[in-house]
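What follows is a set of notes on a single structure, which appears directly below.
Every read-out reported here was derived from the displayed coordinates using simple, explicitly stated rules and does not represent laboratory data. The model shown is predicted, which means the values in this text are computed figures rather than measured ones. Note: ideal-geometry Cβ built from the backbone for every residue, glycine included; neighbour counts use all protein chains shown.
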Amino acid sequence: MELSFLMWLASLLPPAQAEPLCLATTVYLEARDQSELGQRAVAEVALRRRDSGAWGDDVCAVVNAPKQFAPTLVPPSTRLRDPQAWERAVAVAFDAKKEWSRPRAERREVVPGASHFAALRLASPNWASYPQVAVIDDHTFFRVKRLTPRPPPATAGASEGGSR
């Protein structure tokens with residue numbers, strides 16, 4: 001599979017169906033050689049960013065925000081050549097989305113509050129001096145921004161003043 005094909009396919013799907021595909025692609029590109037815990041942590045950062053709305057309204061927008069995650073940092077012609085790693089990334093993406101659908105107080109977060117991560121042996125981001133949340137495998141997770149979830153959208157009935 002080629003990255004450009006996966007991102008094109010995701011663009012055709014409704015956001016709710018595209019999110020696991022975009023999340024799995026990001027987990028694969030960022031952490032395919034990492035432990036399941038490390039992959040879950042990468043997925044968690046993307047989901048936390050989605051909930052904040054600071055990088056986009058859905059996972060695909062978040063992971064395709066310029067220079068934030070691997071889908072925008074590697075060539076679109078990049079081929080995903082490891083089917084076993086892809087299978088694991090898909091499983092991690094679905095599990096992370098399921099965990100993230102739970103109420104915040106009930107979630108088992110891997111990297112609580114982490115908004116960024118980096119493989120410091122490969123990159124030296126200017127925000128690497130911010131508080132570290134965890135080091136898992138080759139990635140260091142940071143709290144660069146305090147991300148708070150957006151309030152849920154108001155329903156039409158709630159703004160109309162209740163019953164009649």
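Suppose only helical runs count, i.e. DSSP H with n ≥ 4. What mean residue ellipticity at 222 nm does that imply for the chain under -39500 (n - 2.57) per run, divided by all residues and rounded to the nearest 500 deg cm²/dmol? Let's see the in-between values first.
On the way: 6 runs with 71 residues, N = 164.
That comes out to -13500 deg cm²/dmol.
Would you list which aspartates and glutamates come within 15 Å of K67, measuring only between C-alpha atoms, while excluding same-chain residues fewer than 8 positions from it?
E30
For the stretch 1-119, what D do you get in µm² per second when you plug the Kirkwood radius from alpha-carbon pairs into Stokes-Einstein at 20 °C and 1.002 mPa s?
D, rounded to a whole number, is 152 µm²/s.
Report, to the nearest 10°, how far helix 36-52 tilts away from the longest principal axis of the Cα atoms in the chain, using its own Cα long axis and a range of 0 to 90°.
40
Just want the ordering: S52, S124, from fewest to most Cβ atoms lying within 10 Å of their own Cβ.
Ranking S52, S124 by Cβ neighbours within 10 Å, fewest first, gives S124, S52.
Only Lys, Arg, Asp and Glu count, each charged at its Cβ (+1, +1, -1, -1), so figure out the dipole size of the chain about its Cα centre, rounded to 20 debye. Provide the component values of the computation, followed by the final result.
Values: 21 positive and 18 negative charges, 89 e Å.
So the magnitude is around 420 debye.
Nothing charged except the Cβ atoms of Lys and Arg (+1) and of Asp and Glu (-1): what's the magnitude of the dipole of the stretch 39-109 about its Cα centre? Round to the nearest 20 debye.
The dipole magnitude comes to about 100 debye.
As a footprinting exposure proxy, order F142, F94, F117 by other Cβ within 10 Å, with the fewest listed first. Working shown, then result.
On the way: F142 23, F94 15, F117 27.
Ordered by Cβ neighbours within 10 Å, fewest first: F94, F142, F117.
Going by how many other beta carbons lie within 10 Å of each one, how would you line up K67, K97, fewest first? Mind showing how you got there, number by number?
On the way: K67 6, K97 17.
Ordered from fewest to most neighbouring Cβ atoms within 10 Å, K67, K97 come out as K67, K97.
Work out the charge dipole of the chain with +1 on the Cβ of Lys and Arg and -1 on the Cβ of Asp and Glu about the Cα centre, then indicate which of P149, L12, P71 is farthest towards its positive end.
P149
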